[in-house]
1. Being part of a strand (DSSP E or B), modelled with pLDDT of 95 or more and surrounded by fewer than 23 Cβ atoms within 10 Å (Cβ to Cβ): is that true of Phe370 here?
2. Any chance you could count how many residues in region 689-720 are free of Cβ contacts under 8 Å to residues at least 24 places away in the same chain and in a strand (DSSP E or B)?
3. Going through region 487-512 one residue at a time, which ones are assigned to a helix (DSSP H, G or I), open to solvent by less than 60 Å² (accessible area, probe 1.4 Å) and touching a strand residue (DSSP E or B) at 6+ places or on another chain (Cβ under 9 Å)?
4. On the given criteria, is Ile180 touching a residue at least 24 places away in the same chain (Cβ under 8 Å), within 22 Å of Tyr120 (Cβ to Cβ) and surrounded by fewer than 22 Cβ atoms within 10 Å (Cβ to Cβ)?
5. With touching a residue at least 12 places away in the same chain (Cβ under 8 Å) and over 25 Å from Ser249 (Cα atoms) as the only criterion, which of Ser746, Ser766 stands out?
6. Test Leu304 against the stated conditions and say whether it is among the hydrophobic types (A, V, I, L, M, F, W, C), farther than 30 Å from Lys406 by Cα and at pLDDT 90 or above.
7. Can you work out which of the residues in region 473-486 that are part of a loop (DSSP other than H, G, I, E, B) and charged (D, E, K, R) is surrounded by the fewest Cβ atoms within 10 Å (Cβ to Cβ)?
8. Could you tell me whether any residue of region 461-472 is crowded, with 24+ Cβ neighbours inside 10 Å, under 30 Å from Met560 (Cα atoms) and touching a strand residue (DSSP E or B) at 6+ places or on another chain (Cβ under 8 Å)?
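The values are calculated or read from the model by the stated rules, or taken from the named source; none is laboratory data. From a predicted model like this one, the values you see are computed outputs, not experimental measurements. With ideal geometry, Cβ positions are generated from the backbone for all residues, glycine too; neighbour counts draw on all protein chains shown. Remember, those area values only see protein heavy atoms, side chains included, never the ligands or the DNA or RNA. Shrake-Rupley method; radii C 1.70, N 1.55, O 1.52, S 1.80 Å.
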Amino acid sequence: MEFYPLSNLYLQRPIWFLISLVFLLLLLLNGRVVLSDPNYLIGLGSYDITGPAADVNMMGYANTEQIASGIHFRLRARSFIVAQPQGNRVVFVNLDACMASQLVTIKVIERLKARYGDLYTEKNVAISGIHTHAGPGGYLQYVVYIVTSLGFVRQSFDALVDGIEKCIIQAHENLQPGSIFVNKGEILDAGVNRSPSAYLNNPAEERSKYKYDVDKEMTLLKFVDAKWGPVGSFNWFATHGTSMSRTNSLISGDNKGAAARFMEDWFRHSGIGNLYSDEGVADGIPRRVSNIIPGLHDNHHKLLELAASFQSTPGRPATKILSVARRVRGALRQADKPGFVSAFCQSNCGDVSPNVLGAFCTDTGLPCDFNHSTCGGKNELCYGRGPGYPDEFESTRIIGERQLKKAVDLFNTASEKLNGKVDYRHSFIDFSQLEVTLPKQGGGSEVVKTCPAAIGFGFAAGTTDGPGAFDFKQGDDKGNAFWRLVRNLIKTPGKEQVDCQHPKPILLDTGEMKKPYDWAPSILPIQILRVGQLVILSVPGEFTTMAGRRLRDAVKTVLMSGGNKKFNSNVHVVIAGLTNTYSQYVTTIEEYEIQRYEGASTLYGPHTLSAYIQEFKKLAAALTSGQSVEPGPQPPDLLDKQISLLTPVVMDATPPGVHFGDCSSDVPLNSTFKRGDTVKVVFWSACPRNDLMTEGTFSLVEILQGKDNWFPAYDDDDFCLRFKWSRPSKLSTRSHATMEWRIPQSANPGVYRMRHFGAAKSLLGSIRHFTGSSSAFVVT
């Protein structure tokens, strides 16, 4: 075979030139290549923040019985940096976590300042959570948010701080000339309003301006490196991270974390075609490994003979980095090219549920009471149903896939290029007694105040995504005598606070509870980031649909006022919810009056939203005028005051004659499984808190390549593989790790085995890493 210089090839064979033009046109139509001059420096990063997968209470549902005991799929921090050459820059970090934490933000900024000086500060760095309710808790600094986690959990906190710092470092080191494109589109079937009775209390004239009672629009950014082409995408869309229920115990990024993984795999499929089959995305989950592995001869008998030669291996010592080296995504990464990063960010999701089939009573199957979400007067029986009901994993996949499909469409068709300044404004505001000027009907104005934080009785009722307990119910604007007595034993609110919070009946006066330290925040960060015609509003809580609409409209009006030429008519304003810290919910004043869960959780009284609008308008005005803003009072750093009641791991043990990593329950000999089957293997294991396997994996499915080479096929990052950890009793030193692989339709036929990585702690405190493998089996 002869090879010709490219120029000679075109001269001698004109057909190649024609084919090349057609190929280039197809690439352009598919959005894979964008011919445009770079106008920013862009960099993206991603890092593991999974944290402890055992013994730690999960953050979100405040359910004391929801204790982590394994991994559905790993959690990540994903970041982008956009900079103008010789100018401003902004950082946005999206966490597969319930929310941002003030303490985490403080410590990340401290580390960035130590490394980069004043390049990255609290002013231009935004850290936002996707609001999964299936991640480890204990990383916030205020008492009310760490009661169920038995106080502060250092491992959860460190995993977040370390991961955020490392993903920002990655993004910084990846900074290269590039362009950013923005696109928008609707998703009609990924969220419903879970408090429609409160939404209906908003003015009819206002509601008539909108087609839906939740926001259906996704806004997506496409990042295009001038050298490498597309390197990532970030999008904002409002729906709760509650597809996984309050009884789930596996760490999971829920629907948004799933969508992010699906899209990153989709890009690897479409960008590195020889690694995947033509099916690409099957069952909503992109194929990870296929043609990179030479196909084994399609002879079932020979495959069984080959599998029979690989029995389970006894547990044996392993190096700390072995599980990192065997990661599937690590095996597919190109060393000289930045990895594709995709983030599905949260927005004004306060009253938006992914359980789109509606809320029903578990005893009768009938719809729950409309106003109070109760069943026979009890809130505990009212649950929302996801599209995969009764399978919460399937609901998570479906809602994630619906977001994925829209994101892929927006990514492929994005054509509006961001142009203009990179800028930001940030201020700390004390929301406990903030004066707010409101217009009066008929002219003039009045001054009202926000209140110290307090939560109402409706808070304890929970939501249709995760009901509360006892006799609480949503929509309670009176409370009851018994719980008032209990409340008063803790802290009796004064008359001024009761009047200020009215019509909320106060269950816990958290803003005035200071022992052993602050129960709730008073000082909150608000922030605006600008990249060209995109404006991101960083809010430290969960805005409801209408609250978010009012905030966006108010800011956009300021940006466009007075013939401002710095923003054209197509300015895009997005809300980044749960950002930089957490302060629960923000409703409209009309929704607050109804006192459903969201209103009862609006901490600073009925004028909370008006306060946010007032202060964000100030930031927007400063942004357009080029003026600075007052930094405001600094929030407290309460790290030294944190209390932890979570017991440490004392030691791990196995029965006599058994090694860590041995199979406790293996696959049967000569096993054959079909796509859609579940393979289950149990190993003798140790507590996952001994080593979090950050950027590694506890579980692995390997496929046989050739005669004796095992290649990683699926790991902790895969939706189809679940790692479950258990011990016979809370004080037992013995434990098991169960691997469950639901064989996807995209799996290649061949010989497979399961493998487990872990770390055991001795009585003297030393850590020993181990690994073990199951017997091989055949997948047809």
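1. On the way: part of a strand (DSSP E or B): no; modelled with pLDDT of 95 or more: yes; surrounded by fewer than 23 Cβ atoms within 10 Å (Cβ to Cβ): yes.
Here the answer is no, as Phe370 does not meet what is asked.
2. So the count comes out to 1.
3. Arg487, Gln497, Cys500, Gln501, Thr510
4. Numbers: touching a residue at least 24 places away in the same chain (Cβ under 8 Å): yes; within 22 Å of Tyr120 (Cβ to Cβ): yes; surrounded by fewer than 22 Cβ atoms within 10 Å (Cβ to Cβ): no.
Considered against the rule, which asks whether it is touching a residue at least 24 places away in the same chain (Cβ under 8 Å), within 22 Å of Tyr120 (Cβ to Cβ) and surrounded by fewer than 22 Cβ atoms within 10 Å (Cβ to Cβ), Ile180 comes out as no.
5. Details: Ser766 fails: touching a residue at least 12 places away in the same chain (Cβ under 8 Å).
None of the other options fit; the residue is Ser746.
6. On the way: among the hydrophobic types (A, V, I, L, M, F, W, C): yes; farther than 30 Å from Lys406 by Cα: yes; at pLDDT 90 or above: yes.
The answer is yes for Leu304.
7. Of region 473-486, the ones part of a loop (DSSP other than H, G, I, E, B) are 473-480.
Now narrow it down to the ones that are charged (D, E, K, R): 473, 476-478.
Details: Lys473: 24, Asp476: 23, Asp477: 18, Lys478: 8.
Filtering first and then ranking leaves Lys478.
8. no
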